[in-house]
Amino acid sequence: DRLLGKLDQHGQDIEAFECHDTKDAEVLVVAYGISARAARRAVRQARERGIAAGLFRPITLWPFPEQALRTAADQARSVLVPEMNAGQLVLEVERICRDEVRVAGLNRVDGQPIEPSQIARRIEEMAADD
């Protein structure tokens, strides 16, 4: 209880994240680790094509920067979560965003990195669906 109390009191001092082009993003990409680098390039490509995309990169996963993600997703119609695993982060993003925004995962589990083109293609699909 003591440690959880400390997290409640100082969580915002511990949480770390980056936002890129999130203020007007209609499609928000939430990615961490090596996938975030590919996502940043995909967001840039989407913006060059006229799609309002943004990137939220959590640096700390625990405690997760929940309020920062909610703020970043305020304007978004869709959230894309590319991961190099079976989809653990997408579950957390769904929990935080609730039913306020559509959340979709993009998973790759073959040991190869997700490529920016894969993410950019999915951003375009999600923007077209909105």
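The values are calculated or read from the model by the stated rules, or taken from the named source; none is laboratory data. Remember, it's a predicted structure, so these values are computed and weren't measured experimentally. Note: ideal-geometry Cβ built from the backbone for every residue, glycine included; neighbour counts use all protein chains shown. We work out accessible area using only protein heavy atoms, side chains counted, and drop any ligands, DNA or RNA first. Shrake-Rupley method; radii C 1.70, N 1.55, O 1.52, S 1.80 Å.
Spin-label pair Lys23-Asp74: with each label point 7 Å from Cα along the Cα-Cβ axis, the two points sit 1.2 nm from one another. For the range 22-130, the fraction of C-alpha pairs farther apart than 16 angstrom is 51 percent. Taking every DSSP bridge with both residues inside the chain, close to 25 percent are antiparallel. For the chain, the Cβ-based charge dipole about the Cα centre amounts to some 360 debye (Lys, Arg positive; Asp, Glu negative; other atoms uncharged). Extension gain, Glu125-Gln9: 0.36 nm per intervening residue step, less the Cα-Cα distance, totals 37.7 nm. Quote the relative contact order of the chain in percent (integer), defining contacts as alpha-carbon pairs under 8 Å separated by 6+ residues. Value for the chain: 29 percent. Computed over the chain with a Gaussian network model linking Cα atoms closer than 10 Å, the most mobile of Ala16, Ala46, Ala73 is Ala16. Within the accessible surface of the chain, defined with a 1.4 Å probe on protein heavy atoms only, the carbon and sulfur portion equals 46 percent. Between Asp1 and Ile59, the contour length at 0.36 nm per residue exceeds the alpha carbon distance by 18.4 nm. Per residue, how much accessible area does the chain have with a 1.4 Å probe, in Å²? I get 58 Å² per residue for the chain. A dipole drawn for the range 10-72 from +1 and -1 charges on Cβ atoms has a positive end, and of Gln45, Leu61, Ile14 the residue lying farthest that way is Gln45.
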